[in-house]
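Worksheet for the structure shown next.
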Amino acid sequence: MRVIAGRARRLRLLTPPGMDTRPTTDRTKETLFNILQPQIGGARFLDLFSGSGAIGIEALSRGAAFAVFVEKDRAAVECIKKNLAFTRLGEGGKILRQDVMGALRGLEGGEAFDLIFMDPPYGRRLEEQVLRYLAQSSLLAEDGAVIVEASLETSFDYVEELGFTVQKKKEYKTNMHVWIIRGDQDDDSRISGEL
């Protein structure tokens, strides 16, 4: 696994030992960031269920102003620390070693995030818990987006009742990325990268 583009391009990243995390493949990550690229420059990025930190590090490498990594697993947090140090992107990152819901409550009242990415364990409806929280929160910037990495079977049929819209969906062989924004689906100005 490596950084695809930007200041830390081609640098290899460590992954946590064991099978508790599912690192996003380089090819999937490249597709994701090709779509996100217009929004990355200067963005505040929140990486939930961070694992190795590869997604937030990619965002920093490509010009995000700041990234917060939320991960509760001790080995994964150590991995993020080492990856930030190795890529020399540590000054733009902050690591919170705690569960996601606790971290969200702790971040409340601070500056909003332009992009919130999450890759929760599949099949536990954790993405729904986070989205329900964000619907009532000030953490997502008004013109921001939430990107969820989820299994192909994951349903997002509840998001409209929360005031969100699924704007884009990109399916891969075994999983997908889903872009969720506030308001109407017709507003394509926020996510303009090509699928």
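Taking region 43-63 as the range and being at pLDDT 95 or above, more than 16 Å from residue 130 (Cα to Cα) and open to solvent by 10 Å² or more (accessible area, probe 1.4 Å) as the test, only 44 passes.
Each row is one residue, and each column tells you yes or no for (1) touching a residue at least 40 places away in the same chain (Cβ under 8 Å); (2) among the acidic types (Asp, Glu); (3) open to solvent by less than 20 Å² (accessible area, probe 1.4 Å).
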position: 125; (1), (2), (3): no, no, no
position: 130; (1), (2), (3): yes, no, yes
position: 146; (1), (2), (3): no, no, yes
position: 158; (1), (2), (3): no, no, yes
position: 162; (1), (2), (3): no, no, no
position: 166; (1), (2), (3): no, no, no
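Of all residue pairs spaced 6 or more apart or on separate chains, those with beta-carbon atoms under 9 Å, a first member in region 85-107 that is within 14 Å of residue 52 (Cα to Cα) and at pLDDT 90 or above and a second member that is loosely packed, with under 13 Cβ neighbours inside 10 Å and of a type outside the set (S, T, N, Q) are 96/102; 96/106; 97/74.
Would you mind finding the one in 141, 135, 75 that is of a type in the set (A, V, I, L, M, F, W, C) and within 16 Å of residue 54 (Cβ to Cβ)? Exactly one of 141, 135, 75 is of a type in the set (A, V, I, L, M, F, W, C) and within 16 Å of residue 54 (Cβ to Cβ), namely 75.
The values are calculated or read from the model by the stated rules, or taken from the named source; none is laboratory data. Because the structure is predicted, anything quoted here is derived from the model rather than measured. In this analysis, Cβ positions are derived from the backbone assuming ideal geometry, glycine residues included, and neighbour counts consider all displayed protein chains. These accessible areas exclude ligands, DNA and RNA; they are computed on the full protein's heavy atoms, side chains included. Shrake-Rupley method; radii C 1.70, N 1.55, O 1.52, S 1.80 Å.
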